[in-house]
Each structure stands twice: as structure tokens, then as C-alpha cells.
């Protein structure tokens with residue numbers, strides 16, 4: 001078993017040490033693993049005093065306020081790949097949301113982390129578009145098992161269930177062996193190709209479809225949110241900061257970017273809870289829940305405006321209602337809540353708040369522009385790009401149509417050109433990263449190469465990796481509706497809360513840093529599933545404490 005990091009958490013209400021030990025050893029019947037997309041440690045700290053519902057309950061449980069998605073590629077897919085596997089995203093094979101594979105036969109060389117590009121006729125397309133791309137959702141890129149996968153091997157009668165607002169959240173947390181799995185697509189929940197949607201989920205889809213296009217009045221503005229209501233201009237004539245999620249008729253396309261979206265995912269989780277009678281059988285069950293609205297709202301409106309303030313209150317309320325439903329089942333359940341990454345507010349608001357580093361990225365800082373400059377400097381004539389990348393930062397790939405000598409020249413020239421750019425903090429060579437040991441110890445102390453190493457995979461990562469400076473928002477224009485984002489190696493994107501709650505646990509707060517890779521070893525020890533030490537990058541956190549340490 002993995003080693004223990006003791007948090008000295010005590011159960012209450014035990015008459016003596018013998019009773020206490022018995023309580024500690026009891027395995028919960030249901031594990032509820034929740035990821036709130038883009039729920040940074042900063043957001044948790046900022047709004048913690050205002051929580052009255054589910055987040056208040058969790059904040060009164062076992063709290064690790066300095067949790068870390070320790071890797072550099074702080075995006076949705078890599079972050080979710082760490083939570084239920086106990087390994088860094090590079091080891092999991094999930095280096096980013098998207099990467100480039102120049103060897104695949106299709107014209108579209110961009111690979112989405114949760115697709116199976118081996119299927120003929122598919123392409124990644126534009127996942128932000130209404131069609132969400134023409135791809136087949138799949139978990140095959142995930143190279144390691146999840147907690148649910150491991151549980152099913154030792155306890156086949158256990159159920160492993162996942163539901164989320166994004167397919168990559170459901171798939172990366174659920175894993176390869178799932179009994180039921182659903183994610184939002186279009187105007188309802190979808191599932192794996194070849195599987196049928198259950199009658200109860202189909203009925204829920206009909207209910208959602210009947211109301212999603214209808215007008216919705218604005219949310220009431222809570223007292224604590226009034227001070228957050230201030231219009232911030234961005235672009236030529238657009239603004240954020242004072243919107244309360246009112247929707248006109250026919251505005252289903254903006255449903256995901258509202259608190260109602262998380263409500264639908266929680267309702268779907270409740271449907272699955274009831275249908276499968278999770279936690280009510282002889283074996284322990286697992287349900288993974290991915291709540292995505294905070295991420296969509298953070299992208300569309302930033303992290304510090306009225307919109308996010310309303311979302312935090314609604315998230316707290318929705319989780320409270322869900323926990324009340326769980327309470328009514330009279331089952332022994334444990335809840336873990338964390339996030340896949342943090343986020344950064346839009347630079348226009350940060351600039352008004354006096355943040356000198358806040359800026360949008362130079363539109364010329366991209367693979368095409370850099371590649372053209374390099375081609376001209378090296379006198380390389382080509383009708384295809386020299387460099388490929390999914391965005392201005394992260395993994396860059398060099399064309400395979402070049403000779404080895406040309407590839408080396410392009411690599412040296414491009415890396416030097418990028419490293420000299422005022423908005424670039426570091427450019428890291430693939431070969432150098434491959435020689436670095438996977439980092440251990442306190443993640444806040446890791447160097448940038450160590451952070452990049454944690455999300456590096458030798459067969460999938462780029463020929464070099466570009467890391468931007470603090471405060472640089474890698475969105476040049478807000479024309480597509482996104483004003484803010486994440487993905488950096490900096491702590492505002494890496495730090496997330498890690499919260500545990502179970503009936504009878506006494507509140508404890510551990511201020512020292514831990515990592516999301518510690519979650520799976522912690523939960524596995526609680527439910528009696530062995531994860532060999534060499535198969536995890538994390539360690540067990542003792543959330544029970546007392547004579548019967550939960551990590552033993």
C-alpha cells in the first residue's frame with residue numbers, strides 16, 4: 001500500500017478507543033467523487049465565508065486548501081486524468097486537451113484527448129462549435145486504470161458510474177470499465193457509442209429539451225454579489241461583469257455557461273443514484289461527477305465578476321440539495337471534491353485592479369507565424385507548415401516532411417525565436433524533459449521543467465514546449481466569446497481545493513500542500529482497494545486518523 005501522510009482526523013461520537021477503531025475500519029458504501037471545473041483554490045478561499053449549503057458542509061470536513069494539479073498543462077483533460085488514477089497526467093498519457101499526431105492518416109492532425117481517431121471518417125473538428133466536432137468519444141488515450149476500474153476488478157458487483165458536463169471529465173474520471181456513463185452533448189446527455197441511453201436519462205433529456213429553449217429570467221443577485229457587479233469592457237464594444245444569466249427564447253446555446261447547467265448534471269447524477277440504487281448493495285459503489293459550469297462561466301465572463309459570484313452561490317445550493325438526497329438514502333457515503341485546474345481573470349479587469357502583468361497574448365505568437373519566420377530565415381520552401389500546435393502555448397511539433405538536418409535547424413531557430421519573445425517564460429526541449437526524473441516533494445517548489453515533466457509523455461508531447469509568463473492570457477481576441485482562460489504552469493492555474501466529508505468526521509484543515517494524485521490512493525485505502533506503490537505518483541492522506549489510520 002502507499003505511504004501515509006497523517007492529517008490526524010478524528011471521528012466524533014465514539015465511546016472508547018475500541019469503538020473508535022471499529023468506526024474507522026468501516027468501508028463506505030458509496031464514494032462520491034466531484035470535480036468542479038476551474039474551481040481554483042482562490043475561488044474557494046474568496047467565497048468560503050458565504051457558503052451555506054453543500055460547500056459549507058465540505059468546508060467543515062477535511063480541508064486541504066493548498067491542493068495542486070501539479071503539472072504545467074493545467075487544462076480540463078489532464079486535470080481530470082489525475083483525480084481518480086493517482087498518477088500525473090503525463091504518465092496517464094493525457095498531455096493536454098488536444099495534441100498533434102502527424103502520423104495519423106486523416107487530414108486533421110489534431111487529436112482530442114477523449115476521442116478515438118483510429119475510427120475512419122472522424123475528425124476532431126471544433127469542439128467549441130455546436131456540433132462539438134465529428135469524433136467518437138472514447139477513453140482509449142487514458143493509459144492507466146481509475147479507482148473505479150480497480151474496484152471493479154476486485155469487486156465485480158460494485159458499480160462504477162460517471163456523469164459530467166464534458167465527455168473528457170466523465171471519461172477520465174470514470175475510466176475503462178464503467179457501468180453507466182453520461183455527458184452533456186447538444187441539448188441532453190449522451191453516452192458511449194454502441195450503448196443505449198437508459199429510459200430514466202432519456203426521460204430527463206426530454207424534460208431538459210422542453211425547457212432549454214425557453215426564456216429564463218435573471219437570477220436574483222445575492223447581497224454578497226452586489227459589490228461584484230461592475231461592467232468591464234473588452235474588445236471594441238463588449239462587456240462582462242453585470243450579467244445575471246437571463247436568457248431570451250431560443251438561447252439554448254448559452255445554457256452551458258449558466259448555473260442551470262450544473263443543476264442538470266446533478267439531476268442526472270440523482271437519476272443514476274436512484275436507478276442503480278448506488279450505495280445500497282453489499283459492495284461499495286463509485287460515482288464520479290464532473291460539474292462544468294464554473295469553467296464555462298470563467299471563460300465567458302472571468303473569475304471576479306457578478307457572474308462568478310452568482311455561480312458560486314448556486315453551486316453551493318445545488319450541492320447542498322444533492323447531499324440532502326444522499327442523506328435521505330441512509331447510506332454510508334464519502335464525498336471528495338476538487339478541481340481539474342484553476343483560472344485567471346480577464347486582463348482588462350486585472351489591469352483596472354492594478355495588476356501590471358495582465359495582458360492578452362501577441363497575435364503573432366503562434367505556430368504558423370513563427371514557422372513562416374523560420375522558413376524565411378532558413379530559406380526552406382514548403383507548401384505545408386513547418387510547425388504545428390494547438391495554440392500559442394504548450395506543445396509544438398515540427399513537420400515530418402523535412403530532412404533530419406532541416407528539422408534540427410527548425411527546432412533550434414524556432415526555440416530561440418520563441419524564447420526571445422517578451423511574453424514567453426521558457427521553451428523546453430523534448431529531449432531534455434525526457435531525462436528529468438518525475439518530481440516528488442512539495443509541488444509549489446517544483447521548477448518549471450519539473451512542472452512540465454509531470455504532464456510530459458515521450459510519445460505524445462511536442463518537440464518542444466512553450467510556457468508563457470505570468471499574467472499572459474493566451475487569447476488574442478475575444479471575438480469568439482471567451483475572455484479568460486487557464487493552462488499555465490503558474491499557481492493560479494495549479495492550486496485547487498481538495499475536500500473530504502463523511503458523516504462523523506471532525507473538521508480538520510491541513511495547510512501544507514498536497515496533490516490531486518493523492519486522492520485515488522486516499523479513497524482506495526478507505527474502500528480496501530490496493531494500489532501498488534509503483535503504480536501511483538501520490539500518497540494516502542489519512543482522513544480518518546485515530547487508532548485505525550485509514551492509510552494502514
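The values are calculated or read from the model by the stated rules, or taken from the named source; none is laboratory data. The structure displayed is predicted, hence computed values, not measured ones. Note that we place each Cβ from the backbone using ideal geometry, even for glycine, and neighbour counts take in every protein chain shown.
Looking at segment 532-550, can you tell me whether even one residue there is within 25 Å of residue 294 (Cβ to Cβ), part of a strand (DSSP E or B), in contact (Cβ under 8 Å) with a residue 40 or more places away in the chain and in contact with a helix residue (DSSP H, G or I) (Cβ under 6 Å, 6 or more places away or on another chain)? Yes: one or more hits. Criterion first (free of Cβ contacts under 8 Å to residues at least 40 places away in the same chain, over 21 Å from the mean Cα position of the chain (by Cα) and under 24 Å from residue 397 (Cβ atoms)) does residue 463 satisfy it? It is false that residue 463 is free of Cβ contacts under 8 Å to residues at least 40 places away in the same chain, over 21 Å from the mean Cα position of the chain (by Cα) and under 24 Å from residue 397 (Cβ atoms). Comparison of 156, 222 shows that the only residue that is without any contact (Cβ under 8 Å) to a residue 40 or more places away in the chain, over 17 Å from the mean Cα position of the chain (by Cα) and surrounded by fewer than 19 Cβ atoms within 10 Å (Cβ to Cβ) is 156. Just to be sure before I move on: is residue 163 in contact with a strand residue (DSSP E or B) (Cβ under 8 Å, 6 or more places away or on another chain) and assigned to a loop (DSSP other than H, G, I, E, B) in the structure I sent? Against the criterion (in contact with a strand residue (DSSP E or B) (Cβ under 8 Å, 6 or more places away or on another chain) and assigned to a loop (DSSP other than H, G, I, E, B)), residue 163 does not qualify.
Yes/no per residue for (1) at pLDDT below 95; (2) in contact with a strand residue (DSSP E or B) (Cβ under 7 Å, 6 or more places away or on another chain):
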residue	(1), (2)
445	no, no
450	no, no
461	no, yes
466	no, yes
470	no, no
473	no, yes
476	yes, yes
480	yes, no
486	no, no
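Taken together, 385, 392 contain a single residue that is surrounded by 20 or more Cβ atoms within 10 Å (Cβ to Cβ) and modelled with pLDDT of 95 or more, which is 392.
Can we say residue 142 is in contact (Cβ under 8 Å) with a residue 60 or more places away in the chain and touching a strand residue (DSSP E or B) at 6+ places or on another chain (Cβ under 6 Å)? It is false that residue 142 is in contact (Cβ under 8 Å) with a residue 60 or more places away in the chain and touching a strand residue (DSSP E or B) at 6+ places or on another chain (Cβ under 6 Å). State whether one or more residues within segment 53-60 are touching a strand residue (DSSP E or B) at 6+ places or on another chain (Cβ under 8 Å), outside any strand (DSSP E or B) and at pLDDT below 95. Within segment 53-60, not a single residue is touching a strand residue (DSSP E or B) at 6+ places or on another chain (Cβ under 8 Å), outside any strand (DSSP E or B) and at pLDDT below 95.
Taking first residues from segment 497-514 that are assigned to a loop (DSSP other than H, G, I, E, B) and partners that are surrounded by 19 or more Cβ atoms within 10 Å (Cβ to Cβ) and at pLDDT 95 or above, the Cβ contacts under 7 Å between residues at least 6 apart in sequence or on separate chains come to 507/61; 510/64; 511/65; 511/66; 512/66; 513/66; 513/68; 513/443.
Can you confirm whether residue 67 is under 20 Å from residue 544 (Cβ atoms), at pLDDT 95 or above, buried (at least 24 other Cβ atoms within 10 Å of the Cβ) and not assigned by TED's automatic domain parsing to the domain that holds residue 290?
yes
Among residues of segment 198-213 that are in the same structural domain as residue 275 (by TED's automatic domain parsing) and over 19 Å from residue 179 (Cα atoms), those with a Cβ under 8 angstrom from a residue that is modelled with pLDDT under 95 and assigned to a helix (DSSP H, G or I), sequence gap 6+ or separate chain, pair up as 212/252; 213/252. When restricted to residues that are under 20 Å from residue 406 (Cα atoms) and not in a loop (DSSP other than H, G, I, E, B), segment 352-391 contains 15.
The condition of being at pLDDT 95 or above and under 29 Å from residue 358 (Cα atoms) does not hold for residue 438.
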